[in-house]
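Q: Structure provided below as structure tokens; questions to follow.
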Amino acid sequence: MFRPVQAIAKRGIGGAPLLVAAAVAVVSLGACATVPPPPTQALQAAESAITNAEQSRVADYASAELTQSREKLRAARTAVQNQQMREAEFLAIESRVHAELAYAQAEEIKAKAVNDEMQRSLDTLRSEMNRSRGAPQ
Amino acid sequence: MNIQIGSASKGILLATGVLLISACATPLMAPEGADTARTKLVALQSEAQLANLAPVEIRDAATAVAAAEEPRKDTAYARHLVLVADHKVDIARARAQSRLYQDQRQALSEQSERARLEARTMEADRARLDARSARADAESARMGADAARQDMLALQRQIDELNARETDHGLVVTLGDLLFATGSAELTGGAGPNLNKLANFLQEYPDRTVLIEGHTDSVGSESSNFLLSQRRADSVKAYLVRQGVSADRLATSGLGQGSPVAGNDTATGRQQNRRVEVVISNVASSARSN
């Protein structure tokens, strides 16, 4: 809504000033009156990012981001109902990055937990071996 | 206000222009928070180990950060872009870190595989040792039991061989008169095998002491019979000593004709009465003491 106005205004500046001014005015009004389509793609992307995060048992690890993600998706839908499509799109995109971050952090924490566990059992194994060898630990 | 197109077209144009210009003229700065995203991005990029693991995510984050840094009048949009950029940097770092963990896992699992193998080898070695010692224990226990049984059997066999009788005061081996020439205390050649068996037995069972008793028939004077029986007992003792049996263990007594085992009225009876009896003491431990 911001960008189209600018573009048309710039293009029009060369010719008849009155006409251009009128056109700008009309377009600006029209822009406020017409409702742009809802950000369907962004909403879907957010939904699938959340699903992905949920399947990865993110709730156990990075629940703050996932909670924010869900809240923003809900807010985005509300914005769509209120015909605030631009805000809806921002919220949907933000919902998606929250969910993606939640997922990435959960994966990181899980990967670390696996490594820590492996390290721990390796340490145990080694100390047992040292013990049974009678070597000082 | 735009609807009053009629007269002051110039004025309107001016007004519109001013509106547009003023939009561009407001001094704009990089949105708040964009610098934080940039700092985090630079930090991630400078960690070569991590940066190499998520090049795509980092490029994505860099684009988002650059967009967020653009000064914008639309503060809502600017805030949105900053949030997105900040999250993309965090996502890039988390992905890189996860991949680093995965890389490290490879090394870890190789290490634990090696350690496990080593532990198994040690365990197997130890088990083998344990098994060997358990087997040795069982063996020695069995051998102990066997030995005891063998000892019993050996004793029994030797008792049998010696033709010994078991009596209250011990094993009694009767050496017949065939060992001696008539009227003599000299052992005949035939005495060897019998007495050797006795010597072996006594060497085998060193705790046992022996009483060697000489007996005669009633032929001849009693006193000479006493002497003869004593001499015969002594010759048996001497023989056994020569065979390595300690003299301390060997007592002798000449009992003459006083303890017949058969009637002296027949040749067979007299022959049975001419004898040397070797009484071997019973001891608690019959086994060899090593």
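Q: Counting pairs of alpha carbon atoms under 8 Å apart in space and at least six apart in sequence, what relative contact order in percent does the stretch A:38-133 give?
A: That works out to 37 percent.
Q: How many Cβ atoms of partner chains, on average, are near each residue of A:107-116 if near means within 10 Å of its Cβ? The partial results should precede the final answer.
A: On the way: counts 7, 9, 4, 2, 9, 5, 1, 6, 8, 2.
Averaged over the peptide's residues, the number is 5.
Q: For B:T167, what accessible area in Å² do you get when you roll a 1.4 Å probe over the heavy atoms of the protein chains, rounding to the nearest 10?
A: 40
Q: Nearest-5 percent of antiparallel DSSP beta bridges in the stretch B:151-280?
A: Just about 75 percent of them are antiparallel.
Q: Tell me, what HN-Hα J-couplings in whole Hz come from the Karplus equation 6.51 cos²θ - 1.76 cosθ + 1.60 at θ = phi - 60° for each residue of the stretch B:118-123, using x for Gly and Pro?
A: For the stretch B:118-123, the Karplus-derived couplings read 4, 5, 5, 4, 4, 4 Hz, x marking Gly and Pro.
Q: What translational diffusion coefficient, to the nearest whole µm²/s, does the stretch B:53-140 have by Stokes-Einstein, given a Kirkwood radius computed over alpha-carbon pairs, a temperature of 37 °C and 0.692 mPa s viscosity? Intermediate values should be presented prior to the final figure.
A: Numbers: Rh = 17.7 Å.
Stokes-Einstein gives a translational diffusion coefficient of 185 µm²/s.
Q: Largest first, what is the accessible-area ranking of B:V56, B:V241 with a 1.4 Å probe?
A: On the way: B:V56 90, B:V241 60 Å².
Heavy-atom accessible area, descending, gives B:V56, B:V241.
Q: Please arrange B:F201, A:F90 by accessible surface area, largest first, computed with a 1.4 Å probe and ligands excluded.
A: Listed by decreasing accessible area, they come as A:F90, B:F201.
Q: Then there is this: Please list, or write none, the aspartates and glutamates whose alpha carbon is within less than 13 Å of the alpha carbon of A:K112, excluding same-chain residues fewer than 8 places away.
A: B:D103
Q: Normalised radius of gyration for the stretch A:38-133, please: alpha carbon Rg relative to 2.2 N^0.38 Å, two decimal places. Don't jump to the answer; show the numbers that get you there.
A: Numbers: Rg = 20.1 Å, N = 96, 2.2 N^0.38 = 12.5 Å.
Expressed relative to 2.2 N^0.38 Å, the Cα Rg reads 1.61.
Q: For the stretch B:52-202, what is the Kirkwood hydrodynamic radius in Å, using each pair of distinct C-alpha atoms?
A: Details: mean 1/r = 0.0391 Å⁻¹.
One over the average 1/r among Cα pairs gives 25.5 Å for the stretch B:52-202.
Q: A follow-up question, please. On alpha carbon coordinates alone, what is the Rg over Rh value for the stretch B:151-280, Rh being the Kirkwood radius?
A: Looking at the stretch B:151-280, the ratio lands at 0.96.
Q: Heavy atoms only, probe 1.4 angstrom, no DNA, RNA or ligands counted: give me B:S98, A:S132 ranked by accessible area, highest first. Walk me through the intermediate numbers first.
A: Working: B:S98 10, A:S132 60 Å².
Largest to smallest exposure gives the sequence A:S132, B:S98.
Q: Now, a different point. What's the center-to-center distance, using Cα atoms, between the stretch B:37-101 and the stretch A:92-124 in Å?
A: With the stretch B:37-101 and the stretch A:92-124 each reduced to a Cα centre, they are spaced 18 Å.
Q: Given R₀ = 22 Å, FRET efficiency for B:N196-B:T167 by Cβ-Cβ distance, to 0.05?
A: Rounded to the nearest 0.05, the efficiency is 0.45.
Q: Taking the stretch B:50-155, which trypsin sites (Lys or Arg not before Pro) meet the DSSP loop condition and have no more than 13 other C-beta atoms within 10 Å?
A: Those that pass, being in a loop and sparsely packed, are B:K73.
Q: Can you tell me, using C-alpha contacts under 8 Å and at least 6 residues apart, the relative contact order of chain B as a whole percent?
A: Worked out over chain B, it gives 15 percent.
Q: Probe 1.4 Å, all protein chains in place: accessible area of A:M118 in Å², nearest 10?
A: Number for this one is 40 Å².
Q: Now for a separate question. For the stretch A:64-110, compute Rh as the Kirkwood radius over C-alpha pairs and then the Stokes-Einstein diffusion coefficient at 4 °C and 1.567 mPa s; write the answer in µm²/s, rounded to an integer.
A: 122
Q: Straight-line reach from B:K73: which aspartates and glutamates have a Cα under 13 Å away, not including same-chain ones fewer than 8 places off?
A: B:K73 reaches B:E32.
Q: Continuing with this model, one more query. Report the Stokes-Einstein translational diffusion coefficient (µm² s⁻¹, integer) for chain B, Rh taken as the Kirkwood radius over Cα pairs, at 10 °C with viscosity 1.306 mPa s. Write down the numbers at each step before the final one.
A: Details: Rh = 29.9 Å.
The Stokes-Einstein estimate is 53 µm²/s.
Q: With every protein chain left in place, what is the accessible area of A:I93 in Å² (1.4 Å probe, nearest 10)?
A: Only protein atoms counted, so the area is about 60 Å².
The values are calculated or read from the model by the stated rules, or taken from the named source; none is laboratory data. For clarity, every value in this text was computed on a predicted model and none was experimentally measured. When we count neighbours, we look across all protein chains shown, and the Cβ atoms used for this are built from the backbone with ideal geometry, even at glycine. The area values use the complete protein model at the heavy-atom level, side chains included, leaving out ligands, DNA and RNA. Shrake-Rupley method; radii C 1.70, N 1.55, O 1.52, S 1.80 Å.
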